[in-house]
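Trainee: One structure coming up, written as structure tokens, with questions to follow.
The values are calculated or read from the model by the stated rules, or taken from the named source; none is laboratory data. Please read these numbers as outputs of a predicted model, since none were measured by experiment. Positions of Cβ are backbone-derived with ideal geometry, glycine not excepted, and every protein chain shown enters the neighbour counts.
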Amino acid sequence: MPLLRDGTIAEDDWTTPADGAPLPDGPVLVDLGTWRAHRDALSSRSAPVGIRLKADDDPEELADHLGSIDLIALEFPAFTDGRAYSAARVLRERLGYTGELRAVGNVLRDQFVFMHRCGFDSLEVEDEGAVEAWRQAIGEISGTYQPAVREVKAVRG
């Protein structure tokens, strides 16, 4: 699946190993259960480590370990499920996470601008035609009523 980063298709260097498979060399993306079971081994790797959180996983569980996590992928199981937006804001605003945040799963063009405002850096998208959709989405909303991770100026009433 193509990866959209900063409005362009980007190379995805991350590998997600199959359950029980040995960890490959290079950047590895594991689920929260694997990270819990192998936290010490993963933390001592010289290669980058990322964690994929399901919508019902608590991002605050990672609070004491964020300095050793290079990527957090937040899952959107359905376009109507907004829990990953909340998780992104918790990670960025409350916990101060500065690594890459990636939206995965049911990522729709209509939600690009909101994902960007909540602090997502990259998005797994259905097709490469999403580049133009990204450019249009980011330019569609010129004023907002609430502050966001990336834009702190809001329209005042």
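Trainee: Quick one: what pairs do we get from segment 1-30, first residue on the phi > 0 side of the Ramachandran plot, second polar (S, T, N, Q) and assigned to a strand (DSSP E or B), C-beta under 7 Å, 6+ apart or different chains?
Mentor: Matching pairs, first to second residue: GLY26/THR15.
Trainee: I want to confirm something. Restricting to segment 62-91 and keeping residues that are of a type in the set (D, E, K, R) and under 21 Å from SER46 (Cα atoms), which single residue is nearest to the chain's Cα centre (by Cα)? Spell out how you get there, then give the answer.
Mentor: So in segment 62-91, the residues of a type in the set (D, E, K, R) come out as 64, 70, 75, 81, 83, 89.
Okay, now just the ones that are also under 21 Å from SER46 (Cα atoms), so 64, 70.
Working: ASP64: 18, ASP70: 11 Å.
Among those that are of a type in the set (D, E, K, R) and under 21 Å from SER46 (Cα atoms), it is ASP70.
Trainee: For segment 47-80, which positions are over 19 Å from GLY26 (Cα atoms), assigned to a strand (DSSP E or B) and among the hydrophobic types (A, V, I, L, M, F, W, C)?
Mentor: Passing the criteria: LEU53, LEU74, PHE76.
Trainee: Give me the residue from segment 1-43 that is in a loop (DSSP other than H, G, I, E, B) and within 18 Å of LEU62 (Cβ to Cβ) and, out of that set, nearest to the chain's Cα centre (by Cα).
Mentor: As a first pass, look at segment 1-43 and keep what is in a loop (DSSP other than H, G, I, E, B): 1-2, 6-7, 11-14, 16-27, 38.
With the extra rule that they be within 18 Å of LEU62 (Cβ to Cβ), the set shrinks to 14, 16, 27, 38.
Numbers: TRP14: 13, THR16: 15, PRO27: 15, HIS38: 21 Å.
Top of the filtered list is TRP14.
Trainee: In this structure, does ARG117 turn out to be modelled with pLDDT under 90 and either surrounded by 17 or more Cβ atoms within 10 Å (Cβ to Cβ) or within 20 Å of GLU11 (Cβ to Cβ) (or both)? So that I can check it myself, show each step before the final result.
Mentor: Details: modelled with pLDDT under 90: yes; either surrounded by 17 or more Cβ atoms within 10 Å (Cβ to Cβ) or within 20 Å of GLU11 (Cβ to Cβ) (or both): yes.
Criteria met by ARG117.
Trainee: In addition: For ARG94, indicate whether it is within 25 Å of ARG52 (Cα to Cα), of a type outside the set (Gly, Ala, Ser), at pLDDT 85 or above and more than 14 Å from the chain's Cα centre (by Cα). Lay out the reasoning, then the answer.
Mentor: Details: within 25 Å of ARG52 (Cα to Cα): yes; of a type outside the set (Gly, Ala, Ser): yes; at pLDDT 85 or above: yes; more than 14 Å from the chain's Cα centre (by Cα): yes.
In short, yes.
Trainee: Could you give every pair whose Cβ atoms fall below 6 Å, whose first residue belongs to segment 43-57 and is over 15 Å from THR15 (Cβ atoms), and whose second residue is hydroxyl-bearing (Ser, Thr, Tyr), counting only separations of at least 6 or pairs across chains?
Mentor: Partner pairs satisfying both residue conditions: SER43/SER68.
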